[in-house]
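**Q** For reference, the structure I am asking about is given below.
The values are calculated or read from the model by the stated rules, or taken from the named source; none is laboratory data. Note that the coordinates shown come from a computational prediction; the quantities given were computed from them, not determined experimentally. FYI the Cβ positions are ideal-geometry reconstructions off the backbone, even for glycines, and counts take in every protein chain you see. The area values use the complete protein model at the heavy-atom level, side chains included, leaving out ligands, DNA and RNA. Shrake-Rupley method; radii C 1.70, N 1.55, O 1.52, S 1.80 Å.
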Amino acid sequence: MKILIVTGSYPPETCGVGDYTYNLFNCVAARASKWMLYTSRNWKFKSICKTIREIKAFSADVIFMQSPTMGYGWSLVPHIVTAFFSCCTPIKYAVVLHEFTQLSFKARLAASIMLLTANHVVFTNETDRQSAIHYFRRLRKRSSVVKIFSNIQKVPKPKTTDQRRFDLVNFGHIRPGKGIEVFLQAVQEIRSQAIPAQVILVGQVPKGYEPYYEQIAEMCARLSVPIRLNLSDEEVASILNDSKIAYLPFPDGISERRGSFLAAATNSVIVLSNAGRFTYEALRQSVVITSPECAARNIIRILSLPAERQVELQRKSLRFLSEYMPHSWDEIATAYNNIASNLTK
């Protein structure tokens, strides 16, 4: 059985789904199954015939298209390609939809082409799957959930909290909708109380968001918050291993599809965040839930806790990962292989 992964973004391009694809494609289970990869940044309508020919040339039995990616932009070509292969060829075509409920109305309308035509749809969480089924009932039999795994691996030797240099960290893509302004507001409140907290911002700037980054950089300079950009996965893991608290104020609340939360928890960082519609009870119990208004106060409180209490907070997140999330990329690749097997029966 020949499996092809299709993506519009792939490292060194900045894209969370691209990073996910890289880690999945290069794990042991995927390599053992001899997966193939097609990646392109040309998704213009005038090139659609060329794109279809290039994908067909792999002679795959099953195709998994990752969506959405930064590389697709606003193109409808991925949607049309899905419809073509699913409806006009014997190749089984599956779409891995990393977002649904968070898509804009127009993006969700476009995604409906994929949802209606794909032979199978893989969601990364059950909330997205149930929301899509609400609109497209036939998806119940044509869909499944494969949760994500952290793009940042666990360090070999985790530090104890008293060994960690940074009191507070925020990391991820530096663009609107990530709650970075809320994070810096909390830092400002902490600074106003003359508390000498060591703070750091780590991330990448997606193409097109350079002006936004300049605004954030100015805010960080005023607050004496150093910024580390474009680090390797190993370097990010090292900084997380050197951080006590990660404040990740997501606009829609913390959820299991937030890679920055998974990376922080994996490296035993105490996670502080806000709740939202995707924050189910087990997840709520694994982190420290706060509001933006109370964030600075809660950060100061956690930093003042005895070491054993801080360790207890770390273990709550680790326990959540152990009980509710995949344990490796190989586990995810095996789930893909099982879906492919069922599609070709």
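**Q** Of Ser224, Leu343, Phe100, which is farthest along the charge dipole of the chain in the positive direction, counting Lys and Arg as +1 and Asp and Glu as -1 at C-beta?
**A** Checked the options; the winner is Leu343.
**Q** Related question: Taking θ = phi - 60°, what integer Hz values does the Karplus form 6.51 cos²θ - 1.76 cosθ + 1.60 yield along region 143-157, in sequence order, with x for Gly and Pro?
**A** With coefficients 6.51, -1.76 and 1.60, one gets 9, 7, 10, 10, 5, 8, 10, 5, 5, 9, 6, 6, 5, x, 10 Hz.
**Q** For region 260-270, just list the computed ³J(HN,Hα) in residue order, Karplus coefficients 6.51, -1.76 and 1.60, θ = phi - 60°, integers in Hz, with x standing in for Gly and Pro.
**A** Residue by residue, region 260-270 yields 5, 5, 4, 5, 5, 4, 4, 9, 6, 8, 6 Hz.
**Q** Amide H to amide H under 5 Å from Thr14: which residues, 5+ apart in sequence or cross-chain, H placed 1.01 Å off N in plane?
**A** Residues meeting the amide H criterion: Lys207.
**Q** Same structure again: For region 30-167, give the magnitude of the charge dipole about the Cα centre (Cβ charges: +1 Lys/Arg, -1 Asp/Glu; no others), in debye to the nearest 20. Present the calculation step by step, with values, prior to reporting the outcome.
**A** On the way: 23 positive and 7 negative charges, 38 e Å.
Roughly 180 debye, rounded to the nearest 20.
**Q** Using Cα pairs under 8 angstrom and six or more residues apart, how large is the relative contact order of the chain, in percent?
**A** Working: 592 pairs, mean separation 56.8, N = 345.
Computed value for the chain: 16 percent relative contact order.
**Q** State the antiparallel share, in %, of DSSP beta bridges confined to the chain, rounding to the nearest 5. Please list the in-between numbers first.
**A** Values: 0 of 39 bridges.
The answer is about 0 percent antiparallel.
**Q** Another one. Please identify every one of the trypsin sites (Lys or Arg not before Pro) in region 1-83 that sits in a loop by DSSP and has no more than 16 other beta carbons within 10 Å of its own beta carbon. Could you put the intermediate results ahead of the total?
**A** On the way: sites: Lys2, Arg31, Lys34, Arg41, Lys44, Lys46, Lys50, Arg53, Lys56; in loops: Lys2, Lys34, Arg41, Lys44.
The qualifying sites are Lys2, Lys34, Arg41, Lys44.
**Q** Under a point-charge model restricted to the Cβ atoms of Lys and Arg (+1) and Asp and Glu (-1), what is the dipole moment magnitude of region 203-314 relative to its Cα centre, in debye to the nearest 20?
**A** Values: 11 positive and 13 negative charges, 64 e Å.
My answer is approximately 300 debye.
**Q** Taking θ = phi - 60°, what integer Hz values does the Karplus form 6.51 cos²θ - 1.76 cosθ + 1.60 yield along region 163-174, in sequence order, with x for Gly and Pro?
**A** Once θ is set to phi - 60°, the couplings for region 163-174 become 8, 7, 6, 9, 7, 8, 9, 9, 8, x, 6, 8 Hz.
**Q** Right, another one. Amide H neighbours of His173 under 5 Å, counting only residues 5+ apart in sequence or on other chains, H built in-plane at 1.01 Å?
**A** Gln204
**Q** Kindly provide log₁₀ I(q)/I(0) values, in the same order as q = 0.07, 0.08, 0.11 Å⁻¹, from the Debye equation applied to equal alpha-carbon scatterers of the chain.
**A** Listed by q, the Debye log ratios stand at -0.31, -0.40, -0.75.
**Q** May I ask you to list the lysines whose Cα is less than 24 Å away from that of Lys92, ignoring any residue fewer than eight positions away on the same chain?
**A** Lys2, Lys34, Lys44, Lys50, Lys56, Lys141, Lys147, Lys345
**Q** Send over a whole-number figure in Å² for the accessible area per residue of the chain, probe 1.4 Å. Provide the component values of the computation, followed by the final result.
**A** Values: 15950 Å² over 345 residues.
Per-residue value: 46 Å².
**Q** Would you tally the net charge around Ile48, using a Cβ to Cβ cut-off of less than 14 Å, leaving Ile48 out, and scoring K and R as +1, D and E as -1?
**A** Details: positive: Lys44, Lys46, Lys50, Arg53, Lys56; negative: Glu54.
Counting the neighbours of Ile48, the net charge comes to +4.
**Q** Going by average Cβ neighbours within 10 Å, how do the peptides 237-244, 126-133 rank, with the highest at the top?
**A** Numbers: 237-244: 21.6, 126-133: 18.2.
Top of the packing list down: 237-244, 126-133.
**Q** Of Ala111, Ile174, Cys88, which is farthest on the positive side of the dipole of the chain, counting Cα position, with +1 on Lys and Arg Cβ, -1 on Asp and Glu Cβ, and the Cα centre as origin?
**A** Looking along the dipole axis, the top candidate is Cys88.
**Q** Another question, if that's okay. How big is the charge dipole of the chain about its Cα centre, in debye rounded to the nearest 20, if each Lys and Arg gets +1 on its Cβ and each Asp and Glu gets -1 on its Cβ?
**A** Using Cβ point charges on Lys, Arg, Asp and Glu, the chain gives about 1100 debye.
**Q** When the Cα centres of region 46-83 and region 201-220 are compared, how far apart do they sit, in Å?
**A** Rounded to whole Å, the Cα centres lie 31 Å apart.
**Q** Same structure, new question: Give a quick list of trypsin sites (Lys or Arg not before Pro) in region 254-312 that DSSP marks as loop, anything other than H, G, I, E or B, with at most 11 other Cβ atoms within 10 Å.
**A** Working: sites: Arg257, Arg258, Arg277, Arg284, Arg297, Arg301, Arg309; in loops: Arg257, Arg258, Arg277.
Of the trypsin sites (Lys or Arg not before Pro), the ones in loops of region 254-312 whose Cβ has at most 11 other Cβ atoms within 10 Å are Arg277.
**Q** Tell me what the chain gives for mean residue ellipticity at 222 nm when only DSSP H runs of n ≥ 4 count, each as -39,500 (n - 2.57), the sum divided by the residue total, rounded to 500 deg cm²/dmol. Don't jump to the answer; show the numbers that get you there.
**A** On the way: 14 runs with 149 residues, N = 345.
Estimated from H runs of four or more residues: -13000 deg cm²/dmol.
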